[in-house]
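The values are calculated or read from the model by the stated rules, or taken from the named source; none is laboratory data. Note that the structure is a prediction, hence the values are computed from the model and not measured. Ideal geometry is used to build each Cβ from the backbone, glycine not excepted, and the neighbour counts take in all protein chains shown.
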Amino acid sequence: MNNLSLADEKTKIQVRGLDFFYNGHRSLKSVDMTIPEKRITAIIGPSGCGKSTLLRVFNRIYSMYPKQEAKGEVILNGENILAPGYSMNRLRSHVGMVFQKPVPFPMSIYDNIAYAVRHHEKLSRREMEERVEEALRGAALWDEVKDKLKQSAQSLSG
């Protein structure tokens, strides 16, 4: 058994004075917390208290949506991930999310598939089109969406 106190452990994520706003409404207020490295941390509370919002701040997924803003500091490996110049590619290589119910980003079907590839590889338009088709075929969706690639991914059902 590990007898180290929390004060003795190395911090992985430090949250200081975090506020989060949806359309001007504050949903997180002055959150301060420390998440130690190499430990399991549970974030618990009643429905609607901000657990999922806090996790979305950790990988800044909110930044893809209008009128959502985080203020304060979230320090990951010694750097504030909320700082304007912090690389989203770098952040996403360290922090990912697995959703209970997957929700597409507010962009086209094509752009949802191409999003991660664009951030990690420089492909020609033709190569990207091939990669998107390959991914959709692999998910058995190509025949269903091949004529709808420019439509919003949020228009897809089930």
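Structural remarks
- Residue list for segment 11-58, restricted to those being charged (D, E, K, R), surrounded by 10 or more Cβ atoms within 10 Å (Cβ to Cβ), free of Cβ contacts under 8 Å to residues at least 40 places away in the same chain and not in a helix (DSSP H, G or I): R26, K29, D32, E37, R39
- Within segment 115-131, one or more residues are under 21 Å from the mean Cα position of the chain (by Cα), not assigned by TED's automatic domain parsing to the domain that holds T34 and not in a helix (DSSP H, G or I).
- Close contacts from segment 114-130, counting a first residue that is free of Cβ contacts under 8 Å to residues at least 24 places away in the same chain and a second that is not aliphatic (A, V, I, L, M), with Cβ to Cβ under 7 Å and a gap of 6+ residues or different chains, come to Y115/F105; V117/R131; L123/R131.
- Positions within segment 64-78 being without any contact (Cβ under 8 Å) to a residue 60 or more places away in the chain and surrounded by 14 or more Cβ atoms within 10 Å (Cβ to Cβ), in sequence order: Q68, E69, A70, G72, E73
- R92 meets the conditions (1) surrounded by 16 or more Cβ atoms within 10 Å (Cβ to Cβ); (2) touching a residue at least 40 places away in the same chain (Cβ under 8 Å) in every case but one. The failed one is (2).
- Residue identified as on the phi > 0 side of the Ramachandran plot, among the small types (G, A, S) and modelled with pLDDT under 95 among A140, A114: A140
- Within segment 132-158, the set of residues being part of a helix (DSSP H, G or I) and among the aliphatic types (A, V, I, L, M) comprises V132, A135, L136, V145, A153.
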